[in-house]
Amino acid sequence: MRAGILRYTPRYYLVLWFFVAVVMAVWLRAEGLAFLARCAPRLAAAAARHPLAQKLARLLDSAQAALGAR
């Protein structure tokens, strides 16, 4: 049997992609939106009004409250 990363099952890849998605969502909220607002204010305003962005903000707020973070 070959050693290395190829022997892992697909569930580990799913966990990795989930972790990457969580990290990207937190980065987007912390720094990405501020950068977008500086570079393209109209696009940032439109993105803030999008229902998916509002749902993501609520989800991150509830996760932050559940974890006790500031």
Just grab the label-to-label distance for residue 37 and residue 18, each label 7 Å out from Cα along the Cβ direction, in nm (one decimal).
3.2
With N set to the residue count of the stretch 5-67, report its C-alpha Rg divided by 2.2 N^0.38 Å to two decimal places.
1.42
Would you mind calculating the gained length between residue 25 and residue 46 on full extension (0.36 nm times residue separation, minus the Cα-Cα distance), in nm to one decimal?
5.8 nm
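Since every read-out is calculated from the coordinates, none of them should be taken as a lab result. Here the structure is a predicted model, which is why all the values come from computation and not from measurement. Cβ: placed from backbone, ideal geometry, glycine included. Neighbour counts: every protein chain shown.
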